[in-house]
Each structure stands twice: as C-alpha cells, then as structure tokens.
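Below is one structure, written out as structure tokens; comments come after it.
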2 protein chains.
Amino acid sequence: MSQFDVLCIGNAIVDIIARCDEAFLVGNGIVKGAMNLIDAGRAELLYSRMGPAVEASGGSAGNTAAGLASFGARAAYFGKVADDHLGGIYAHDIRAQGVAFDTRPLAGGPPTARSMIFVTPDGERSMNTYLGASVELGPQDVEEDKVRAARVTYFEGYLWDPPRAKEAIRLAAAHAHAAGREVAMTLSDPFCVDRYRDEFLDLMRSGTVDIVFANESELKSLYQTASFEAGLEAIRADCRLAAVTRSEKGSVAVRGNETVAIEAIAVDEVVDTTGAGDLYAAGFLAGYTAGRGLAECGALGSLAAGLVIGQIGPRPRQDLRHEAGQAGLM
Amino acid sequence: MSQFDVLCIGNAIVDIIARCDEAFLVGNGIVKGAMNLIDAGRAELLYSRMGPAVEASGGSAGNTAAGLASFGARAAYFGKVADDHLGGIYAHDIRAQGVAFDTRPLAGGPPTARSMIFVTPDGERSMNTYLGASVELGPQDVEEDKVRAARVTYFEGYLWDPPRAKEAIRLAAAHAHAAGREVAMTLSDPFCVDRYRDEFLDLMRSGTVDIVFANESELKSLYQTASFEAGLEAIRADCRLAAVTRSEKGSVAVRGNETVAIEAIAVDEVVDTTGAGDLYAAGFLAGYTAGRGLAECGALGSLAAGLVIGQIGPRPRQDLRHEAGQAGLM
C-alpha cells in the first residue's frame, strides 16, 4: 500500500512575476520563453529594471506537487529553501496545499531561490532564475521512506543545473525501483535539454526513468530533429511512457504501440503561461496513479494547464478536484 | 506649477492573499469585509491556518498612488516599511510603478507590515493586518517640499490606528493648505470610522480635510444613520467634495449643490474586491487633478475599480491610462 501517489523533487523557487513588453526582453538579453540562469548580481540588476511585481511560490516540480494535491492526490516534495523569509513563504504554501514537505532548510548559505518571470502581452513567460539555496539539494535530502512509499517519483530536468541534485535523483531512483515503483521526469526546457542531452537520454535508455514529460520544443531538442513525428517515435522507443504537450494543439501520449492524442482546453485569454507544463504533469499523474487510461490522464492534464494559463502565477487558484468533477473527469 | 498631482500617505503593507470559505472566517473570528487589526502572535496563528497564498504590495493609499501613476498622473507616497525583505519588495513595487517614494525604512524595529487577506467565493475580502513597522510613521517623515508640490495630499483613515501618524497628517495638511493645496482622505472602513468618528468629523468640519472618499457603509457609520440619503446630505454639508461608492450600484459625488450619480462598470466575475475603493479614489483623483468634471472623475474611478475586482490582488495589472483611452475617457 502506497502512502503517496507522487513524490516530486525540484528546485524550490519563489516566483517574482511582472509584465513587460517584447523590447524589454531584447534590451536585457533575456531569451524569450526560456529559463535563463542568472547569478546574484544579475538578479539585482534585473530586479531594479523590473516593473511592479507579485510574488508566489513556484518551482516546476513544486507546482506539480501543489497541482496533484489540489486534484486530491497524495503528494510529497523534496526541495531546498533557505532559513529566511522567502523560504518560510515557500514552506507555508506547499504545506498549506496539503503536500508533505520536510526538507531541512539551509542555514548560513545563499538565500532562497527566486525566479524573475517577465510575462509579455502574448502570455508567454521568460524566466530568470537565481538558484540560491536550492543548489544545496543533495543525497542527504532523500528521505528513503517517502521514496519507497510513493507510486511515482517525479523530478525536473532543471535539477541537472545544480551540482549535487543529480546524485540525489540517482539515489531516489534506486530506492524507488527497489520498492517496485516508477520514476518520471520532465525535460523542463529546450535549452536545459541542450545542456544535458546525453545524460537525459542515458537516464531513459538505462531505465533510470520510466515516464517522460516534454513539450514539443524539448522533444525536438532532445533528438535534434525538426520533425515532431520523428521525435515522437524516438521517445516511444526510449521510455515506457511519454506525454508530449503542444500548446494549443493539445498533447500526445505514447506507450509501446499505444498512441493517444488529447485536445487542449479552449481558453478565453492566455494571461500567463507560467506553470502550464507543470500543471499538465500534475493532472496526468493524478489520473495515472489513480489507474486511469492515457486519454483520461491527458484530459486531466489539459484541464489543469488550461486553468493555470488563464491567471497570473504558476499554481491555479481553483480546487482542481472540483473542476475535474464539473468537467466530468472525476 | 505643481510637481505632483497627488501625494498619498498611508500604512505601507504587503498583502498575503489566499482564498477561504465562509466557515473559516467564522471559525477564526474574522469580521467579514472588514480590516481586522491583529498583533504578531495572532498573525503567526492565522498564517499557520491560511491556505496557499500569493504576496503583493498593498496598503490602501499605496494602492491609490500606484493606480494614479498607472493613469499617468504624477504621484508620491509616504509610508513606513522596515529595512527587511518585504520592505524591499514594497519599495521596489511602488517605485517601479513610477511613484516617488523616499520615506526612510525603519531599522531595528518591528518588521514590515503585512495583511493576511482572505477572499471568500463571493469575491469579498476580509483583512487581518499586523501594522509592524508602519506604526512608526510620524511627523519626521513629512517631506514638506513634496507636500507643497502636490495638488492634493490624500491620506487613509486607517492612519488613525497607529499612534503618531495623525500628527504627521495634521502637519502635512498645514503645509498643504499654506501652499494653497487641497487635502483629501478616505474613511477606510466602517469599523475604523466607529473608532474615530468624532476625530474624522472634526477633520472635515475644521477644514483640515477638503475632499472625502467613503463607501456606503462608512458613510452610514460616520453619521450613525441607516439612510444613505441622510448620510449624503450630512457629508455634503461637512466637506467641500465627497465621493461615495456603492459597489454594483455605482457611486455618487456631491459638491455644494451639485450631485452626480455614476454607474458601476459591468464586471464578468468578481474575483477579489481588494483595492476596489483605493482604485476608485485613484481614478477619481486622476480626473480631478486634471481638471475634469465630477461625472468624468467618477467614471475613471469606476473603470479602475471594475478592473481591480476582476483579478487577485490590490493593484490592476493593466495600464490604466491605456484602458481609459480605450473606454473613451482620456
């Protein structure tokens, strides 16, 4: 009997969100739609140029954990904050959502990670992340009992940026597989894929990872192909299950010979795409760990992604279990 | 020639905003729709019971200053934050909006003020404010040159809660009137009116305040009457100009024998009423200091209030000058 449906592992980050125009991105050398890694000095500079902002707990896998809990799934989280004000906010928000979170905060090191997210009028978000305390996540933070108690252990590809998190992931994957559980990852970002392509492919081909989430750009980056279909066939061969999102074109899930196309939800206005992929994974995994078929898993993912892009910030304000019920999906 | 259209003075507060149900308010003894003052211990208790939240700079007069700047008006602000993380966020947000803000942060005292705002499904907000560093605002923070340079000095009735702010207001009002400027206030909250009824009436009747903003509940509380019409006639006699908001019933402005009724803007969904009164005052004063008639002032107020209640948080994400242009009001 599993105590948790999904354990999520990621960089624990507070988002600082403001709107800007396209010229601002160009003028400040920010790659649009991507996660740009920055150091403390550049963080200070960009903040001085940033417009009025709002703050909300984020982090890719943290958003997924919060989304899972909102769907009523049992979720846990590993991620490193500092023992500071933003860290307190982060811990509050994820626990208040019902996620089990006990990673010890970092004392005496860098501050809690933050990502300055600039949202352009088209709703696209461009992230500028100072990793701060989150880089200290390591094997010492892997709570074996939680890994063994979770049906799926899910982590973000972004964890290949800090130096020691990959050790934590390899350890967690070993515990998970020893307990007969599955391991999932998201490819996170096309540039992240470019930085760690060989390692990500090795994670899949070695069986360290069973389930992969990606968007179309990440898939194409992984296999260095311009063809979505070629990428899809390649990932079908490289992992047990993959779900690939395509923005307004919906998503496709592949598992062995099975292929399921899922429609996107119609959205009135795309306000802020932050969290779209994270919430798709939350919905998909909520369905998957409840034993649903791929079409239903994808529909739950589309529902959650559609809700989060209609608001500012990375975690939907709605009760996702209620929304799924209203949509006839739960 | 005036350097500023409006100088706003208020408690500098960061909002911590979460959703809750009606039972939560009852179970925690929170007066619905009101500003509840709390101490540090109760702040900690309520935060431990609060759901996942987002943080945004707030404070009634701060929201008005931000709204004025978004309308393209020249705004300044006096308010006390601490020399801490939330204080840095507050200063960033108001300056990034284009508001002149130079009040010296408090060192070695209580932390930056915060208000835990619980938003019920009907969109109503119930505030729980720990005043922290904001109580240290006093006469030493009144920058005489800015007061003299502002067409209107506007302050919040909430300033009667901390011990020394009222001295700052009396000093600022004296400087303003000596320079031939006008002084405006908002009554802030019906319970605040109940705490300081005689002092507020004295501010108006002594001519310390020229212009008064109120909502229907505050007006009725001020004159201890159940009749809106009776309240309106009383306030007409007590100040040079008054604007009274009535939620979906719009607003009424009175000045001498003049009476102007203004319609509310139709809103698809009331998400969060936080900031509605503050943004009404911003729109009204943006028009007033530009020499517009009362009907136009009120229409600008309704526009800004209608936009802020359609989103989470106290300051609209839209460019209000652009919105006013689109609506044919500027």
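Quick note: the coordinates plus some simple rules give every number you see, no bench work behind them. Computed from a predicted model, the values in this text were never measured in an experiment. Here the Cβ is made from the backbone with ideal geometry for all residues, glycine too, and neighbour counts use every protein chain on show.
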Can you work out the Karplus-derived ³J(HN,Hα) for every residue in segment A:243-248? Use 6.51 cos²θ - 1.76 cosθ + 1.60 with θ = phi - 60°, whole Hz, and x for glycine or proline.
10, 10, 8, 9, 6, 5
What is the antiparallel percent of DSSP beta bridges lying wholly in segment A:86-202, to the nearest 5?
55 percent
Can you tell me the FRET efficiency between B:A237 and B:A40 if r is taken as the Cβ-Cβ distance and R0 is 45 Å, rounded to the nearest 0.05?
0.60
Helical contribution to [θ] at 222 nm, DSSP H n ≥ 4, -39,500 (n - 2.57), averaged over chain B, rounded to 500
-11500 deg cm²/dmol
So, in Å, what gap is there between the alpha-carbon centers of segment B:256-330 and segment A:117-175?
44 Å
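Show me the three semi-axes of the equivalent ellipsoid for segment A:1-127, from the C-alpha gyration tensor (sqrt of 5 times each eigenvalue), largest first, rounded to whole Å.
Details: eigenvalues 163, 60, 24 Å².
Equivalent ellipsoid semi-axes, largest first: 29, 17, 11 Å.
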Antiparallel DSSP beta bridges within chain A, as percent of all bridges there, nearest 5
35 percent
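Kindly give the semi-axes, whole Å and largest first, of the ellipsoid equivalent to chain B, taking each as the square root of 5 times a Cα gyration tensor eigenvalue.
On the way: eigenvalues 139, 107, 81 Å².
One finds semi-axes of 26, 23, 20 Å for chain B.
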Label-zone membership for segment B:245-260, site B:E124, 7 angstrom Cα→C-beta point, backbone N under 20 Å:
B:245-251
Taking every DSSP beta bridge that has both residues in the protein assembly as shown, what percent is antiparallel when rounded to the nearest 5?
35 percent
Below 15 angstrom from the Cβ of A:D39, what's the summed charge of the other residues (Lys, Arg +1; Asp, Glu -1)?
0
Got a sec? Charge dipole of chain B, +1 on Cβ for Lys and Arg, -1 for Asp and Glu; which of B:V271, B:L201, B:M35 is way out at the positive end?
B:L201
Projecting the Cα atoms of A:I309, A:A53, A:S188 onto the charge dipole of chain A, where Lys and Arg contribute +1 and Asp and Glu -1 at Cβ, the residue farthest towards the positive end is A:S188
How many percent of Cα pairs in the protein assembly as shown exceed 42 Å?
29 percent
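If you average the sequence gap of Cα pairs under 8 Å that are 6 or more apart and divide by the length of chain B, what percent do you get for the contact order?
Reported relative contact order: 18 percent.
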With a 10 Å cut-off between alpha carbons and a GNM built on chain A, which of A:R181, A:R74, A:R114 moves the most?
A:R181
To the nearest 20 debye, what charge dipole does segment B:196-297 have about its Cα centre, counting +1 at the Cβ of each Lys and Arg and -1 at the Cβ of each Asp and Glu?
360 debye
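Could you give the size of the charge dipole of segment A:8-56 about its Cα centre, using +1 on the Cβ of each K and R and -1 on the Cβ of each D and E, expressed in debye and rounded to the nearest 20?
Values: 4 positive and 6 negative charges, 17 e Å.
Roughly 80 debye for segment A:8-56.
Taking the Cα centre of segment B:245-330 as origin, work out the dipole magnitude from +1 charges on Lys and Arg Cβ and -1 charges on Asp and Glu Cβ, in debye rounded to 20. Please report the intermediate quantities before stating the final value.
On the way: 7 positive and 10 negative charges, 52 e Å.
Charge dipole of segment B:245-330: 260 debye, to the nearest 20.
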For B:G59, other-chain or 5+-apart residues with amide H closer than 5 Å (H placed, Pro excluded) are B:I13
